[in-house]
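What follows draws every value from the coordinates through simple rules; no lab data is involved. What you see is a predicted model; the values in this text were computed from it and never measured. Reconstructed Cβ throughout: ideal geometry from the backbone, glycine too, with neighbour counts over all protein chains shown.
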Amino acid sequence: MASRECVVCAGELSGSQRKYDKPECAKRGARAEWILKTYGITLAEWDLIWEHQGRCCAICKRKPRVKEDGTEETFHLDHEHAQGQAGPVRGILCPYCNTRLVGRLKSADRAQSLADYLHTPPATVALGRVVIAPGRPRKRRVTARRKRTAARKV
Ligand SMILES: [Zn+2]
Ligand SMILES: [Zn+2]
């Protein structure tokens, strides 16, 4: 006879329950299966990485937002796409850092160039002083109503 315990919390299964005794366990179990299939790590290993990072995005240090329904925003396990979709697991990132930062920069060398550029701006080094740019003058905001009036006059 098959085990009559919840595969997540080992609670007793009743009636038609086959793997999980509670909806939370079903959710956690489905997530564990997905993480194992997609990333090759267990949920316990995910938690180890997450704890190691201080429970925040490894780059911007942001914590997941709590959504209106009380659940936490999903952060992504970033991995290198070395062979097609497959590649070494790196860490857990917020959606922004995963797609906009790591996804764009891709290589450690380029990320290092960016850090060097920000730490040691070439303009400052070449000129031997920090030049403060006044910036472009701000445009006056044109309201939608004014835009419509202007269009009618033409
Ligand atoms: Zn359970
Ligand atoms: Zn981030």
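Numbers below:
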item: Loop-resident sites, segment 1-61, for GluC sites (Glu not before Pro), counting at most 16 other Cβ within 10 Å (DSSP); result: none
item: On Cα atoms only, tilt of 108-119 relative to the major axis of the chain in degrees; result: 40 degrees
item: Violating pairs (Cα-Cα greater than 30 angstrom) within the set LYS27/LYS106; LYS22/LYS61; LYS61/LYS139; LYS22/LYS63; LYS37/LYS61; result: LYS27/LYS106; LYS22/LYS61; LYS61/LYS139
item: For segment 41-132, size of Cβ-based charge dipole, Lys and Arg +1, Asp and Glu -1, in debye; result: 480 debye
item: GluC sites (Glu not before Pro) restricted to DSSP loop in segment 59-103 with at most 10 other C-beta within 10 Å; result: GLU68
item: Potential lengthening between CYS56 and TYR117 on full extension [0.36 nm per residue; Cα-Cα distance subtracted]; result: 19.4 nm
item: Computed magnitude of the charge dipole of the chain (debye, nearest 20; Cβ of K, R +1, Cβ of D, E -1); result: 2200 debye
item: Separation in nanometres of the label points that stand 7 Å from Cα toward Cβ, at GLU33 and VAL130; result: 5.7 nm
item: Estimated D of segment 1-149 in µm² per second, where Rh is the Kirkwood radius over Cα pairs and Stokes-Einstein applies at 10 °C, 1.306 mPa s; result: 78 µm²/s
item: Residue-count net charge about VAL102 - beta-carbon cut-off 12 Å; Lys, Arg +1, Asp, Glu -1; result: +3
item: ³J(HN,Hα) computed for each position of segment 32-41 - Karplus, 6.51 cos²θ - 1.76 cosθ + 1.60, integer Hz, glycine/proline x; result: 4, 5, 5, 5, 5, 5, 7, 10, x, 10
item: Nonlocal amide H pairs with GLY91, under 5 Å, H built at 1.01 Å; result: ASP78
item: Distance from segment 89-142 to segment 41-76 (C-alpha centre basis), Å; result: 25 Å
item: Segment 74-120: trypsin sites (Lys or Arg not before Pro) in DSSP coil with no more than 13 other Cβ atoms inside 10 Å; result: LYS106
